[in-house]
């Protein structure tokens, strides 16, 4: 499962509560562009609309050999392929518990491109500082154990 793109900000800005896996509805030139590494999840999010789940803000650069078959808008909304029961459960948690649905990574699984996303709660500024402090302490402990 090679990872094609990651959203590193999601782990820093949010507490990830539950993770999910889903497919994406993509065009052929977008698939080739994503596999070539021309994709960014920075600033993207998932949103429910009319009983469907949509990935908004993901940038997929144009695939040069595709020429005129590239989509005009590289940040167009892309449908996330998830069962209706999961969509209903995600939407209810999103609305009742005020949680956000954030993408974590894009990867391949047996020839298909999959999206890993999570239900997340936003961190406060003091929680972000505590995360940084804990990470620095772990690095210091590891360096002392090595020497």
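The values are calculated or read from the model by the stated rules, or taken from the named source; none is laboratory data. Since this is a predicted model, take the numbers as computed values, not measurements. A quick note on method: Cβ atoms are made from the backbone with ideal geometry, for glycine too, and the neighbour counts reach across all protein chains shown.
Condition test on residue 62, is it part of a loop (DSSP other than H, G, I, E, B) and either loosely packed, with under 12 Cβ neighbours inside 10 Å or in contact with a helix residue (DSSP H, G or I) (Cβ under 8 Å, 6 or more places away or on another chain) (or both)?
yes
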request  = Quickly run through segment 1-51 and pick out the residues that are free of Cβ contacts under 8 Å to residues at least 60 places away in the same chain, assigned to a helix (DSSP H, G or I) and closer than 30 Å to residue 126 by Cβ.
outcome  = 8, 9
key: Count - residues of segment 66-75 that are touching a residue at least 12 places away in the same chain (Cβ under 8 Å) and either surrounded by fewer than 13 Cβ atoms within 10 Å (Cβ to Cβ) or out of contact with any helix residue (DSSP H, G or I) (no Cβ under 8 Å at 6 or more places or on another chain) (or both)   = 3
Pair list, Cβ under 8 Å, 6 or more apart: segment 76-100 residue in contact (Cβ under 8 Å) with a residue 12 or more places away in the chain, other residue in a loop (DSSP other than H, G, I, E, B) and surrounded by 10 or more Cβ atoms within 10 Å (Cβ to Cβ) = 78/25; 78/26; 78/58; 79/25; 80/25; 81/25; 90/82; 93/99
ask   = Just checking, how many residues over segment 93-111 are loosely packed, with under 11 Cβ neighbours inside 10 Å and not in a loop (DSSP other than H, G, I, E, B)?
value = 2
ask   = Just a yes or no: is a residue in segment 90-103 touching a helix residue (DSSP H, G or I) at 6+ places or on another chain (Cβ under 6 Å) and modelled with pLDDT of 90 or more?
value = yes
